[in-house]
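**Q** Below you will find the structure I want to go over with you.
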Amino acid sequence: MLLKRFFRERVSFVSYPKSGRTWLRAMLGSYFSLKYEGDSAGTFPDVRELSDKNGLPKIKFTHDGASMQASLSYKDLRSGHRDYRKNKVVFVGRDVRDTLVSAYFQATKRVNVYEGSVSDFLRSDTYGADKILSFYQLWHSACNEPCAFLYTSYELMHEDARRELTRVLNFMGVEVDDDLVGKSVDACSFNNMKKMEKSGEGTSSAFRPADTKDEESYKARKGKVGTYTENLSEEDIDYISKRASAYGIDLYDPWNGQKSH
């Protein structure tokens, strides 16, 4: 049993901050709770703890050096990811513009690492457009280094969350129960996530609003696709578009158009 636990497969969930990974994490936790513990799917359980307890793949969640707290310039992001060669990697993406807006509110209202306007944020070497575009470019170059690689996105989960959760479970080698997939997706709807965050019931401290009266301080902030126009000027949007063109990256689907895996 000890050997089996030691040699478990390892699955790393990689994403740029504010790409929707928390939603996927919640759905996985709910599924594991229902399938292996027989518990309610609505309490945002610790997916890593459940995976360890039930002998499932060893799970790691990482921003791979791009976390806001690390405060690295885009020039300092690492190239090459050989340390993932024994890992399966699930890469979670999102529209670059929506990600940057969500990251701005995270930086200014939740983790308090930035003071300034959203326009300045976008142009920052530490938090802005070049940072996220470099992150995608570097990961695309290295996506063959893990032993297996799967891409999903916030937009794909919005399109069909059941399909994407099933894809991830199959990729992890976890038995899929369609009924429990549906229950997990329903339990982790945006409205339910927002309620859980506001109440704090069954959630970690990382999944609580900084200010319950400030909608922009919630982890589950909008739950929509394409809302960047509410916060960015035409000049800001044009700047991001020009930087994306320089990197050859599609803004809506930053994995699309890249050399396929």
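The values are calculated or read from the model by the stated rules, or taken from the named source; none is laboratory data. Note that this is a predicted model, so its numbers are computed, not measured. Note that we place each Cβ from the backbone using ideal geometry, even for glycine, and neighbour counts take in every protein chain shown.
**Q** State whether one or more residues within region 169-185 are surrounded by fewer than 17 Cβ atoms within 10 Å (Cβ to Cβ), at pLDDT 60 or above, in contact with a Gly (Cβ under 7 Å, 6 or more places away or on another chain) and closer than 25 Å to K35 by Cα.
**A** Checking region 169-185: not a single residue is surrounded by fewer than 17 Cβ atoms within 10 Å (Cβ to Cβ), at pLDDT 60 or above, in contact with a Gly (Cβ under 7 Å, 6 or more places away or on another chain) and closer than 25 Å to K35 by Cα.
**Q** Follow-up. Provide a single number: the residues in region 54-102 that are among the aromatic types (F, W, Y) and over 30 Å from D39 (Cα atoms). Give the steps one after another, and end with the answer.
**A** Step one: list which residues in region 54-102 are among the aromatic types (F, W, Y), which gives 61, 74, 84, 91.
Next, only the ones that are over 30 Å from D39 (Cα atoms) stay: 74, 84.
Number of matching residues: 2.
**Q** Could you say which residue among V90, V101 is in contact with a strand residue (DSSP E or B) (Cβ under 7 Å, 6 or more places away or on another chain) and either modelled with pLDDT of 90 or more or in a helix (DSSP H, G or I) (or both)?
**A** Working: V101 fails: in contact with a strand residue (DSSP E or B) (Cβ under 7 Å, 6 or more places away or on another chain).
The match here is V90.
**Q** Give G55, G20 a once-over and let me know the one that is out of contact with any Asp or Glu (no Cβ under 7 Å at 6 or more places or on another chain) and more than 17 Å from M193 (Cβ to Cβ).
**A** G55
**Q** While we're on this one: Would it be correct to say that G80 is in contact (Cβ under 8 Å) with a residue 60 or more places away in the chain and either part of a loop (DSSP other than H, G, I, E, B) or of a type in the set (G, A, S) (or both)? Steps first, answer last, please.
**A** Details: in contact (Cβ under 8 Å) with a residue 60 or more places away in the chain: yes; either part of a loop (DSSP other than H, G, I, E, B) or of a type in the set (G, A, S) (or both): yes.
Yes, satisfied.
**Q** I'd like the full set of residues that are free of Cβ contacts under 8 Å to residues at least 24 places away in the same chain and part of a loop (DSSP other than H, G, I, E, B), limited to region 115-127. Give the steps one after another, and end with the answer.
**A** Taking region 115-127 first, the residues free of Cβ contacts under 8 Å to residues at least 24 places away in the same chain are 115-117, 120-121, 124.
Across region 115-127, the qualifying residues are E115, G116, S117, S124.
Here's the yes/no breakdown for (1) at pLDDT below 90; (2) buried (at least 20 other Cβ atoms within 10 Å of the Cβ):
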site: V11; (1), (2): no, yes
site: G29; (1), (2): no, yes
site: F32; (1), (2): no, yes
site: F44; (1), (2): yes, yes
site: R48; (1), (2): no, no
site: S67; (1), (2): no, no
site: Y74; (1), (2): no, yes
site: H81; (1), (2): yes, yes
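**Q** So, in region 212-259, how many residues would count as being among the charged types (D, E, K, R), at pLDDT 80 or above and in a loop (DSSP other than H, G, I, E, B)? Walk me through how you get there before you give the answer.
**A** Within region 212-259, the subset among the charged types (D, E, K, R) is 213-216, 219, 221-222, 224, 230, 234-236, 238, 242-243, 250, 253, 259.
The next check asks that each one be at pLDDT 80 or above; those that pass are 230, 234-236, 238, 242-243, 250, 253.
Add one more test, that the residue is in a loop (DSSP other than H, G, I, E, B), and what stays is 250, 253.
Residues that pass the stated criteria total 2.
**Q** Mind counting the residues in region 134-175 that are part of a helix (DSSP H, G or I) and touching a Ser or Thr at 6+ places or on another chain (Cβ under 8 Å)? Break it down into steps so the answer makes sense when it comes.
**A** Step one: filter region 134-175 for residues part of a helix (DSSP H, G or I), giving 134-142, 154-159, 161-172.
Checking the rest, the ones that are also touching a Ser or Thr at 6+ places or on another chain (Cβ under 8 Å) come to 138, 141-142, 154, 164-165, 167-168.
Total satisfying the criteria: 8.
**Q** To continue, here is another question. Mind counting the residues in region 53-65 that are in contact (Cβ under 8 Å) with a residue 24 or more places away in the chain and either exposed (fewer than 15 other Cβ atoms within 10 Å of the Cβ) or part of a helix (DSSP H, G or I) (or both)? Talk me through it step by step, then tell me what you get.
**A** Applying the first criterion (in contact (Cβ under 8 Å) with a residue 24 or more places away in the chain) to region 53-65 yields 55-64.
After this cut, where a residue has to be either exposed (fewer than 15 other Cβ atoms within 10 Å of the Cβ) or part of a helix (DSSP H, G or I) (or both) as well, the list is 55, 60, 62.
Matching residues across region 53-65 total 3.
**Q** Further question on the same structure: Can you tell which of G29, G20 is more than 27 Å from Y252 (Cβ to Cβ) and touching a residue at least 12 places away in the same chain (Cβ under 8 Å)?
**A** Answer to the check: G29.
**Q** State which residue is nearest to W255 (Cα to Cα) when the search covers only region 128-173 and only residues that are among the charged types (D, E, K, R), in contact (Cβ under 8 Å) with a residue 12 or more places away in the chain and out of contact with any strand residue (DSSP E or B) (no Cβ under 6 Å at 6 or more places or on another chain). Reasoning before the result, please.
**A** To start, the set of residues in region 128-173 that are among the charged types (D, E, K, R) comprises 130-131, 145, 155, 159-160, 162-164, 167.
Now restrict to residues that are in contact (Cβ under 8 Å) with a residue 12 or more places away in the chain: 130-131, 145, 155, 162, 164, 167.
Pick out the ones that are also out of contact with any strand residue (DSSP E or B) (no Cβ under 6 Å at 6 or more places or on another chain) and you get 130-131, 145, 155, 162, 167.
Values: D130: 16, K131: 16, E145: 16, E155: 12, R162: 21, R167: 17 Å.
Applying the filter and picking the extreme gives E155.
**Q** For region 119-148, what are the residues that are hydrophobic (A, V, I, L, M, F, W, C) and surrounded by fewer than 17 Cβ atoms within 10 Å (Cβ to Cβ)?
**A** Hits for region 119-148 are C147, A148.
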